[in-house]
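A.B. asks: I am attaching a structure below and will ask some questions about it afterwards.
Nothing in this text is a laboratory measurement; each read-out follows from the coordinates by a stated rule. Given the structure is predicted, the values throughout are model-derived calculations rather than measurements. Note: ideal-geometry Cβ built from the backbone for every residue, glycine included; neighbour counts use all protein chains shown.
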Amino acid sequence: MPILELQGLTKIFPNGTVALKGVDLSVEPGTVHGLLGANGAGKSTLIKILAGALEPSDGRIEWLGEARSWNGPAAPRAAGIATIYQHVPLVPTLSAMENILLDRGGMWRADAAARAKVRAVLADMGEPFPADTLVQDLPIGKRQMIAIVAAIAADAQLIIMDEPTASLAGYERDNVYATIRRLKAEGRTVLFISHFIDEIMALTDAVTVLRDGRAVLDARTADLKETDIADAIAGRSVAALRRDRRDRNFGDTVLDVRGLTAPALAPTDLTVRAGEIVGIAGLLGSGRSELLHAIFGSDRQARGAVLLDGQSVPRRTDEAVMAGLALVPEDRAKQGYVPLLSLADNIALGDDLSLMQAPGRERAEATAAIERLSIKVRDADALPTELSGGNAQKVVIAKWLKGRTRMLMLDEPTAGIDIGARTDILRLVRTLADEGLPVLLVSSEFEELIAICDRILVMRDGCVVSEVDPATISETDLILAAGGSRVEFSEGMTA
């Protein structure tokens, strides 16, 4: 009998977004069950439902053979389900022991029996961290282990791990792998969410792949090849965008990056020529966003040389903007626009990061940008919060389409927007490149990269590990490359 079974699990949010569309999932006891899917596939929503943070709109959850309905996170924890999120919610000013015992309630600080049990678990695991050390003094890998110890000490029968290795170094990943194998040997069950196909193949007994809110693959791992998983993950989100290869006659080098390093970025060299779109393909934790922020100067710990047209770019964002660098960040709501300013004011911010230009000119430029980018809005006085995700993203891009911009960097420009808006934005990017603007594009949608890029750099663990010609490589192979596959590629890739 499955320890956990989902039947027709559906989630529709109040804004009409359908995150899960009748997902079936069966997890056998004492196994490691892998869960994969591209960004937006529904993984996070499913996890939150199992953790009691969200209620399903429809469907059935069976736990230990009984139908269950959670009314909050405490219920699944009490039933024996522990969820370890990628970003572990710990209190940094408390010790590891205190964090482990936080959810016990009552006089947890003085609970000698509970403390003794935690120490026994730690001893059994080889003391992965000092129990009395403050969390703020521990590296991220140790913080992940705190959450795992807490789950074991709470006698969890099912441990859900959401991307536990995405932000870890190699040796820290090995510790997590060893722990997962240990949990399985003890008869516990693990639902393991990961982007890395090599991890899934090495650790799991069964695999489920979500795509667009549906389970599109459910099989024993032993019966699968890496390409089977990659094919299931690959979507067709930009089917309306016709792939059009241009002649590769680009201009001179505009962006020249030499030995650029940051805390999550190995020494990196890259160039982008006038009119060229260079894609960055990488999974969560690969260093793709860190690379853009290091180039832009928003990572103050970055070191190395960034040159535009042969001139050194200062390591401050305001000076980088003045030099001609432009960055459209991944989180447009928090970093891309000012929600209380009008569209006209937001678009004007791309000029000099101030609102000092004449109002008439500001409004005229905003109106022109609205027309050029087909932004659906009543007028330039509207607030960006009134717009759909796709139109708000166009506003963020519009503020950089000024004469000063010499290099455009885009971080997940189509995330969270509908297919029509995605196609509009990708066509805009291709048009800008056709006009001579160089573009550095990060996207989790690998089909997008293949559709519009001239070269693709593949990143993993903060390193550029290969360069791909999008004309000769498939989306499946690109997923495999980013996911650490050891499959040999016949064409389209260079080390």
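A.B. asks: Neighbour counts of other C-beta atoms within 10 Å: give me THR31, THR10, THR385, THR208 arranged from fewest to most.
C.D. replies: Working: THR31 20, THR10 16, THR385 10, THR208 25.
In increasing order of surrounding Cβ atoms, one gets THR385, THR10, THR31, THR208.
A.B. asks: Turning to a different aspect of this structure: Name the residues whose placed amide hydrogens come within less than 5 Å of the amide hydrogen of GLY282, ignoring near sequence neighbours (fewer than 5 apart) on the same chain.
C.D. replies: Here the answer is SER443, MET459, since their amide H atoms fall under 5 Å of that of GLY282.
A.B. asks: Follow-up. For the range 55-177, state the average projected area of the convex hull of the C-alpha atoms over all orientations, rounded to one decimal in nm². Could you put the intermediate results ahead of the total?
C.D. replies: On the way: hull surface 35.1 nm².
Seen from a random direction, the Cα hull of the range 55-177 projects 8.8 nm² on average.
A.B. asks: Shifting gears a bit: Using unit Cβ charges (K, R positive; D, E negative) and no other charged atoms, how large, in debye to the nearest 20, is the dipole of the chain about its Cα centre?
C.D. replies: Details: 54 positive and 68 negative charges, 131 e Å.
Dipole magnitude for the chain comes out near 620 debye.
A.B. asks: Could you list which residues have their amide H under 5 Å from that of ALA206, counting only those 5 or more apart in sequence or on another chain, with H placed in the peptide plane?
C.D. replies: Placed amide hydrogens put VAL32, GLY34, THR221 under 5 Å from ALA206.
A.B. asks: Counting other C-beta atoms within 10 Å, and keeping those with at most 15, which DSSP coil GluC sites (Glu not before Pro) do you find in the range 156-235? List each step's numbers first, then the result.
C.D. replies: Numbers: sites: GLU172, GLU186, GLU199, GLU226; in loops: GLU186.
Sparse-neighbourhood loop GluC sites (Glu not before Pro): GLU186.
A.B. asks: Provide the per-residue ³J(HN,Hα) series for the range 430-445, in order, calculated from phi with Karplus coefficients 6.51, -1.76, 1.60 and θ = phi - 60°, each as a whole number of Hz, with x at glycine and proline positions.
C.D. replies: Computed from phi, the couplings for the range 430-445 are 5, 5, 4, 5, 4, 7, x, 7, x, 9, 10, 10, 9, 8, 7, 8 Hz.
A.B. asks: Which of SER286, SER312, SER194 has the fewest other C-beta atoms within 10 Å, and how do the rest follow up to the most? Can you show the working numbers first?
C.D. replies: Details: SER286 27, SER312 11, SER194 23.
Fewest to most other Cβ atoms nearby, the residues stand as SER312, SER194, SER286.
A.B. asks: What are the residues whose amide H is under 5 Å from the amide H of LEU437, where those residues sit 5 or more places off or on another chain and H is modelled from the backbone?
C.D. replies: GLY275
A.B. asks: Sticking with this structure for a sec: Can you say what percent of the DSSP beta bridges in the chain, counting only those with both residues inside, are antiparallel? Round to 5. Walk me through the intermediate numbers first.
C.D. replies: On the way: 42 of 76 bridges.
In the chain, approximately 55 percent of DSSP beta bridges are antiparallel ones.
A.B. asks: Provide the per-residue ³J(HN,Hα) series for the range 173-178, in order, calculated from phi with Karplus coefficients 6.51, -1.76, 1.60 and θ = phi - 60°, each as a whole number of Hz, with x at glycine and proline positions.
C.D. replies: 4, 4, 5, 5, 4, 5
A.B. asks: Rounded, prolate or oblate, given the Cα gyration tensor of the chain, with a/c below 1.5 counting as rounded? Kindly include the intermediate steps, with their values, before the conclusion.
C.D. replies: Details: a/c = 1.70, a/b = 1.67, b/c = 1.02.
Judged from the Cα gyration tensor, the chain comes out prolate (a/c at least 1.5, a/b above b/c).
A.B. asks: Which FRET efficiency value, to the nearest 0.05, do you get for ALA178 and ASP155 by plugging their Cβ-Cβ distance into 1/(1 + (r/R0)^6) with R0 = 30 Å? Spell out each step's value before the answer.
C.D. replies: Values: r = 21 Å, r/R0 = 0.69.
Plugging the Cβ-Cβ distance into 1/(1 + (r/R0)^6) gives 0.90.
A.B. asks: Step by step: find N for the range 22-63, compute 2.2 N^0.38 Å, then divide the Cα radius of gyration by it. What's the final number? Mind showing how you got there, number by number?
C.D. replies: Values: Rg = 11.1 Å, N = 42, 2.2 N^0.38 = 9.1 Å.
Here the answer is 1.21, to two decimals.
A.B. asks: With a ≥ b ≥ c the root eigenvalues of the C-alpha gyration tensor of the range 409-462, is it rounded (a/c under 1.5), prolate (a/b larger than b/c) or oblate? Working shown, then result.
C.D. replies: Details: a/c = 1.92, a/b = 1.14, b/c = 1.68.
Because a/c hits 1.5 or more and a/b fails to exceed b/c, the range 409-462 counts as oblate.
A.B. asks: Using Cβ contacts closer than 10 Å as the measure, can you line up TYR177, TYR337, TYR171, TYR85 from fewest to most?
C.D. replies: Working: TYR177 15, TYR337 23, TYR171 8, TYR85 19.
Ascending Cβ contact count within 10 Å gives the list TYR171, TYR177, TYR85, TYR337.
A.B. asks: While we're on this one: Which of the three applies to the range 249-326, rounded, prolate or oblate, going by the alpha-carbon gyration tensor with a ≥ b ≥ c and a/c under 1.5 meaning rounded? Before the final figure, lay out each step's value.
C.D. replies: On the way: a/c = 1.79, a/b = 1.17, b/c = 1.53.
Since a/c reaches 1.5 but b/c is at least a/b, the shape of the range 249-326 is classed as oblate.
A.B. asks: Here is a follow-up. Which value in deg cm²/dmol, rounded to the nearest 500, describes the helix-derived mean residue ellipticity at 222 nm for the chain, given -39,500 (n - 2.57) per DSSP H run of n ≥ 4 and division by the residue count?
C.D. replies: Details: 16 runs with 158 residues, N = 495.
Taken over the chain, the calculation gives -9500 deg cm²/dmol.
A.B. asks: Separate question: Rounding to the nearest 10 and keeping the result within 0 to 90°, find how far the Cα-based axis of helix 343-352 lies from the longest principal axis of the chain.
C.D. replies: 70
A.B. asks: Moving on. Per-residue HN-Hα couplings for the range 27-43, Karplus 6.51 cos²θ - 1.76 cosθ + 1.60 at θ = phi - 60°, whole Hz, x for Gly and Pro?
C.D. replies: 10, 7, x, x, 10, 10, 10, x, 10, 10, x, 5, 4, x, 6, x, 4
A.B. asks: Net charge around SER342, counting only other residues with Cβ within less than 13 Å of its Cβ (Lys, Arg = +1; Asp, Glu = -1)? Display every interim value, and only then the final one.
C.D. replies: Working: positive: ARG363, ARG378, LYS399; negative: ASP345, GLU362, GLU365, ASP379, ASP381, GLU386.
Overall, the nearby charge balance is -3.
A.B. asks: Over all directions, how big on average is the projection of the convex hull of the alpha-carbon atoms in the range 4-233, in square nanometres?
C.D. replies: Numbers: hull surface 50.7 nm².
Projected over every direction and averaged, the Cα hull of the range 4-233 covers 12.7 nm².
A.B. asks: Between beta-carbons, use under 12 Å as the cut-off and find the net charge around ARG258, counting Lys and Arg +1, Asp and Glu -1.
C.D. replies: Working: positive: ARG303; negative: ASP256, ASP269.
Within the 12 Å Cβ shell, the charges total -1.
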